[in-house]
Amino acid sequence: MDKADKIYIAGHRGMVGSAIWRALQKKGYTRLVGRSSAELDLRNQADVYTFLASEKPDVVIDAAARVGGILANDTYPYQFLMENLSIQNNLIQGALSAGVQRFVFLGSSCIYPKMAPQPLKEDYLLTGPLEPTNQWYAIAKIAGVKLCEAVRKQFGHYYVSLMPTNLYGPFDNFDLKTSHVLPAMLRKFHEASRDGDRPVELWGSGSPMREFLHVDDMAEAVVFAVENELPEHLYNVGTGTDLTIRELAGVIQKVTGHKGEILWDSGKPDGTPRKLMDVSRLEQAGWKARIELEAGIRDTYQWFLKHQGGLKQVKIT
């Protein structure tokens, strides 16, 4: 890779895409290309093909997707499946047609079977049933992984897939109806603390175990994949450590300064019992996460307080 190579980041305004943009700028890359959804609808095949043929980037990074938590996935299954298929298929085929030799595809740990052995190895893909509540998103991402593998096998191009664990950080989605568990919790605890430490109600039993990766670490992993010729087509990206949702709630309660009660609604779904990534493949290649969870949550909370207009700020303890 040369610092003057042109790199197109699909989804550059999102949490992950913007972090990748910052990481590449920090490394000295000078020809970064991005288009907002208003400028380029990635679901429109003809427009995507025309754009890539005209721009002729040296690298395409696919950080664009329709994302959301359990509620959003379960409520809008068709959109999660169809829109994600359209976005990634247009980008992969468009890049291939435009002669792009390097492509980084970003997926999710939900591609692995619900009851797969822990920690999750890349080899467990397609070995069992998926978690029903997010299978629509997972199926789309699995298709993207296999498309990149097929390009690599048939054409010899460097198309590689990175599967991150649960991501969080600046520019996350804090909408309680569509967000993932960590930002949703952070907002709930913040608002409860603001409102006199009223009780916080959380979904499920609190027993499922989850792994969380700061988005800046994810961005560094993407830069690592861009700059190096990784020998495999699929890599997990995570910390290799997890904690229960109940323990996560305790960390977020501490960070936000909330002193009230936590109520668990066991009538709501827990989702997959555990999702811990085996990250040994990427670590052996030379990359490892560095941001500790509580420090990362504090960083995210500070961003939230600064950028979420209309919400009263509270002291970070």
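Val151 fails exactly one of the following numbered conditions: (1) in a helix (DSSP H, G or I); (2) more than 26 Å from Asp47 (Cβ to Cβ). What is the number of that condition?
Status for Val151: all satisfied but (2).
Go through the stretch 136-169 and report how many residues are of a type in the set (Val, Ile, Thr) and within 13 Å of Leu106 (Cα to Cα).
Within the stretch 136-169, residues that are of a type in the set (Val, Ile, Thr) and within 13 Å of Leu106 (Cα to Cα) number 4.
Regarding the stretch 187-207, can at least one residue be identified that is touching a residue at least 60 places away in the same chain (Cβ under 8 Å) and under 29 Å from Val59 (Cβ atoms)?
Within the stretch 187-207 (the criterion being touching a residue at least 60 places away in the same chain (Cβ under 8 Å) and under 29 Å from Val59 (Cβ atoms)), the answer is no, since none of the residues qualifies.
Considering each of Leu71, Leu52, Leu42, Leu81 in turn, give the residue that is among the aliphatic types (A, V, I, L, M), crowded, with 17+ Cβ neighbours inside 10 Å and under 21 Å from His157 (Cα atoms).
When all the criteria are applied, what remains is Leu52.
Go through the stretch 47-76 and report how many residues are farther than 20 Å from Ala184 by Cβ and assigned to a helix (DSSP H, G or I).
9
Assuming Lys288 fulfils every condition listed in (1) at pLDDT 95 or above; (2) in contact with a helix residue (DSSP H, G or I) (Cβ under 7 Å, 6 or more places away or on another chain) apart from one, which condition is it?
Lys288 satisfies all of (1) at pLDDT 95 or above; (2) in contact with a helix residue (DSSP H, G or I) (Cβ under 7 Å, 6 or more places away or on another chain) except (2).
Can you name every residue in the stretch 131-172 that is touching a Lys or Arg at 6+ places or on another chain (Cβ under 6 Å) and either of a type outside the set (Phe, Trp, Tyr) or more than 26 Å from Asp217 (Cβ to Cβ) (or both)?
If the condition is that a residue be touching a Lys or Arg at 6+ places or on another chain (Cβ under 6 Å) and either of a type outside the set (Phe, Trp, Tyr) or more than 26 Å from Asp217 (Cβ to Cβ) (or both), then Glu131, Asn166 are the ones that fit.
Name the residue, out of Pro231, Pro269, that is closer than 28 Å to Leu71 by Cβ and either surrounded by fewer than 22 Cβ atoms within 10 Å (Cβ to Cβ) or not hydrophobic (A, V, I, L, M, F, W, C) (or both). Give the derivation first.
Details: Pro231 fails: closer than 28 Å to Leu71 by Cβ.
Of the residues listed, the single one that is closer than 28 Å to Leu71 by Cβ and either surrounded by fewer than 22 Cβ atoms within 10 Å (Cβ to Cβ) or not hydrophobic (A, V, I, L, M, F, W, C) (or both) is Pro269.
Yes/no per residue for (1) in contact with a His (Cβ under 8 Å, 6 or more places away or on another chain); (2) surrounded by 23 or more Cβ atoms within 10 Å (Cβ to Cβ); (3) more than 21 Å from Pro273 (Cβ to Cβ):
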site: Leu130; (1), (2), (3): no, no, no
site: Ala143; (1), (2), (3): no, no, yes
site: Val151; (1), (2), (3): yes, no, yes
site: Met163; (1), (2), (3): no, yes, no
site: Asp175; (1), (2), (3): no, no, yes
site: Glu191; (1), (2), (3): no, no, yes
site: Arg198; (1), (2), (3): no, no, yes
site: Leu202; (1), (2), (3): no, no, no
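The values are calculated or read from the model by the stated rules, or taken from the named source; none is laboratory data. For clarity, every value in this text was computed on a predicted model and none was experimentally measured. When we count neighbours, we look across all protein chains shown, and the Cβ atoms used for this are built from the backbone with ideal geometry, even at glycine.
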